[in-house]
Amino acid sequence: MSDLTAPKGTFDTLPPASAQFRAVRDTLTAPLRRAGYGYVETPVFEDTAVFARGVGESTDVVSKEMYTFTDRGGRSLTLRPELTAGLMRAFIEHRLYSGALPVKLWTVGSAFRYERPQAGRYRHFTQVDCEALGVDDPALDAEVVALAVQGFRDLGLADFELLLTSLGDSTCRPQYRELLVDFLAKLDLDEETRRRAEINPLRVLDDKRPEVQAQLDDAPLMVDHLSDSTKAHYDAVREYLTDLGVTWTEAPKLVRGLDYYTKTTFEFVHSGLGAQSAIGGGGRYDGLSAALGGPDVSGIGYAVGVDRTLLAVQAEGLDVVADAGVQAFVVPLGAEAKKLAVRLVGQLRQAGVSADTVYGDRGLKGAMKAADRSGATHAVVVGDRDLADGVAQLRDLRTGEQSAVPLAELFERVRATVGA
Ligand code: AMP
């Protein structure tokens, strides 16, 4: 046994479980593809400033959890802890804002955070990311939220909830922040929380400890202090969501771990996951582009965690894997049959039928076991005697029924039988 293992907080996704992971990932992205969002890839590492400025210096993500390193050229680089800031960097760098708006983008890929690992919280995880940039229209907020909901629904998930609020914007949040700071200053808080209350008072509202929550019953809430324009925006978002058949729970104390959110802010939680219950979240981030040195354009988006959504799928006992294995499996017995097997598998694959055979010397028993494990509905079993008779046996692995098929018709028969 080697002493080399996957790094702490990371894991390998192996077959057959990996088919579930892939199904979840692809189901979550399908609504984005259907809605005309364009696929983007950005590097997994960026200039550290992209996250420091984009996500915010005071956030846990930036101050405690980033994988930052200096490369051989002396640059400070960081493995992306989330995907939005890099997408926004690309949007600005390639001046996508000067074309037709909104610019609608999606991506899926690895994110890295130096967190304390536990169930559902890893150091390497995968996010699906959706962004609609350049237009501040509440209908767009509703579209983006509904696309995330669609992905969860398509997986068959039922036990998830959309938490929704508005965090206001620069026209009303500063005044609200002062109210909140004054309120928090009067509470009995420990030193660290007090410090947090000064740097990022909204974050204290989200404190999970009962002794803190007990003091927050009368805390002023952003939603009660929205300016007329942000209130109208929030009302419109909720109306559109209703039109789209999306239900939500008002969550006036919802605060997210990233600094850039304004106005519409949301999170998806799943009741089957324990402490790490968030399967996705997002919101509007009208200040992010400017924070990264770009033009003052708005944006709305979300990130959904593929790993956690997979845990939710498992918690609900859903079967999300449609095509677990191959359709046909060829079992050759003997050297001549092996040649036929290799040729037949090649032909079937070229014709779009997924097929496999055995490699190495497995014997009939081992080969039939491999056929059963392959997920195939049908096996072609062919031995020397069959070859002498000019036939192969086509066997339905579900019923055990078997019939001899002339070799000249074999390919067509297999294709017609399993390819339907
Ligand atoms: P965030 O970028 O923090 O808003 O996270 C968006 C989603 O990514 C969360 O709702 C989770 O589903 C997922 N996520 C965030 N951090 C982790 C992590 N350390 N491990 C696994 N999933 C995560």
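The values are calculated or read from the model by the stated rules, or taken from the named source; none is laboratory data. Everything quoted here is computed from the prediction, not taken from an experiment. Every residue, glycine among them, receives a Cβ derived from its backbone with ideal geometry; neighbour counts consider all protein chains shown. Note: areas computed on protein heavy atoms with side chains; ligands, DNA, RNA excluded. Shrake-Rupley method; radii C 1.70, N 1.55, O 1.52, S 1.80 Å.
Some observations on this one:
- Proximity of backbone amide H atoms, modeled 1.01 Å from N, is registered between Gly280 and Phe268, Gly305 at under 5 Å, excluding neighbours fewer than 5 places apart on the same chain.
- Within the full protein context, the accessible area of Ile199 is estimated at about 100 Å² for a probe radius of 1.4 Å.
- Largest first, the three principal axis extents of the alpha carbons in the chain are 92, 52, 46 Å in whole numbers.
- Counted residue by residue at 0.36 nm each, then reduced by the alpha carbon distance between them, the extension gain from Asp372 to Thr5 reaches 129.0 nm.
- All lysines inside 22 Å of Lys253 as judged from Cα atoms, apart from same-chain residues fewer than 8 positions distant: Lys186, Lys208, Lys231, Lys263
- Couplings 3J(HN,Hα) of the range 29-34, computed from phi: 8, 4, x, 5, 5, 5 Hz, in residue order, whole Hz [Karplus 6.51 cos²θ - 1.76 cosθ + 1.60, θ = phi - 60°; x for Gly and Pro].
- To the nearest ten degrees, helix 228-243 and the longest principal axis of the Cα atoms of the chain are 30 degrees apart.
- Largest mean-square fluctuation among Phe45, Phe69, Phe160, in a Gaussian network model of the chain whose springs join Cα atoms under 10 Å apart, belongs to Phe69.
- Accessible solvent surface per residue of the chain, calculated while the other protein chains remain in place, 1.4 angstrom probe, Å²: 49
- The trypsin sites (Lys or Arg not before Pro) found in the range 87-146 that occupy coil by DSSP, while having at most 13 further C-beta atoms within 10 Å, are Arg95.
- Based on Cα contacts under 8 Å between residues 6+ apart, the range 1-90 shows a relative contact order of 25 percent.
- Whichever lysines have a C-alpha closer than 18 Å to that of Lys8, once near sequence neighbours (fewer than 8 apart) are set aside: Lys64
- When the surface is traced with a 1.4 Å probe over the full set of protein chains, Phe112 keeps roughly 40 Å² accessible.
- Residues in the range 121-127 carry Karplus couplings, in order, of 10, 10, 8, 10, 8, 10, 10 Hz; the curve used is 6.51 cos²θ - 1.76 cosθ + 1.60 with θ = phi - 60°, and Gly or Pro positions show x.
- By accessible area, using a 1.4 Å probe on protein heavy atoms only, the range 252-398 has 49% of its surface on carbon and sulfur.
- Relative contact order, percent, the chain [alpha-carbon distance under 8 Å, six or more residues apart]: 16
- Distant-in-sequence amide H partners of Thr262 (H built 1.01 Å from N, under 5 Å): Arg284, Tyr285, Asp286
- Selected from Ala35, Ala404, Ala23 as most flexible by GNM, with the chain as the system and alpha-carbon contacts under 10 Å: Ala404
- Rel. contact order, % - alpha carbon contacts under 8 angstrom, at least six apart, the range 328-419: 31
- Residue-averaged 222 nm ellipticity for the chain, from DSSP H runs of 4+ at -39500 (n - 2.57), nearest 500: -11500 deg cm²/dmol
- Highest-MSF residue in the chain out of Thr107, Thr193, Thr27 [GNM, Cα springs under 10 Å]: Thr193
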